[in-house]
Amino acid sequence: MMPAAPQQPLPSTCITVNGQSHVLQVDGDTPLLTILRNHLYLKGTHYGCGSNQCGACFVLIDGFAVASCDTPIWAVAGKSVTTVEGLGTPEQPHRLQEAFLAGQAAQCGYCTSGILISAAALLSRNPHPAEADIHQALDRNLCRCGTHNRVVEAILRAAGQPAPRTP
Ligand code: FES
Ligand code: FES
């Protein structure tokens, strides 16, 4: 019987999440979502479809909203990742988080972190979006609870724009 070949050590990957650097020894094809939730214990980013279809797992990568379920960790090396935990804190919430709370723009909340990420990416590029811009920015985010109207209103308010109140 042949002796078993020695196992190759896992490669090291350095990523920056919410301003903190992490060196991880994991398979380079591990999805970023797995790293965030299971290694860094950042549970605000959610698993929905696992195939870049729903937006529940969105994070900012160098300012762009990206599906972390569909992004291997090797692709994030040297880039800056921001999760919903990095947008703001309970003490110092992001203006979007304030607006979502004030406008009750969530029901179950499963989609909310991904929507906040898409909205943050939008406002960073377009501080005064029209309603159509918001719809376009959220076209990869699904909400099964039907909060879309309140979400759009909250984003308009966060951008300092008047928004009609949903009954
Ligand atoms: S879980 Fe990533 S897009 Fe749905
Ligand atoms: S608030 Fe429940 S899925 Fe959007």
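The values are calculated or read from the model by the stated rules, or taken from the named source; none is laboratory data. Since we're looking at a predicted model, the values are computed, not measured. Glycine also receives a Cβ, built like all others from the backbone with ideal geometry; neighbour counts cover every protein chain displayed.
Identification of strands (runs of 3 or more DSSP E) wholly contained in segment 41-142 with 1 or more residues that are out of contact with any helix residue (DSSP H, G or I) (no Cβ under 7 Å at 6 or more places or on another chain) yields 64-67, 80-82. With respect to the conditions (1) at pLDDT below 95; (2) within 21 Å of H148 (Cα to Cα), Q25 falls short on a single one, namely (2).
When T30, T83 are screened for being polar (S, T, N, Q), farther than 23 Å from L123 by Cβ and surrounded by 17 or more Cβ atoms within 10 Å (Cβ to Cβ), only T30 passes. Given the condition within 17 Å of I117 (Cα to Cα), at pLDDT 95 or above and surrounded by fewer than 15 Cβ atoms within 10 Å (Cβ to Cβ), answer yes or no: does some residue in segment 67-76 qualify? No; the residues of segment 67-76 include none that is within 17 Å of I117 (Cα to Cα), at pLDDT 95 or above and surrounded by fewer than 15 Cβ atoms within 10 Å (Cβ to Cβ). Scoring T147 on the criteria (1) surrounded by 22 or more Cβ atoms within 10 Å (Cβ to Cβ); (2) away from ligand 2 (no atom under 16 Å from the Cβ); (3) polar (S, T, N, Q) leaves a single failure, condition (2).
Does S118 satisfy being within 23 Å of I15 (Cβ to Cβ), within 11 Å of ligand 2 (Cβ to nearest atom) and surrounded by 14 or more Cβ atoms within 10 Å (Cβ to Cβ)? Judged against the criteria, S118 is not a match. Scanning segment 82-111 for residues that are more than 9 Å from the chain's Cα centre (by Cα) and within 16 Å of ligand 1 (Cβ to nearest atom) gives C108, G109, Y110, C111.
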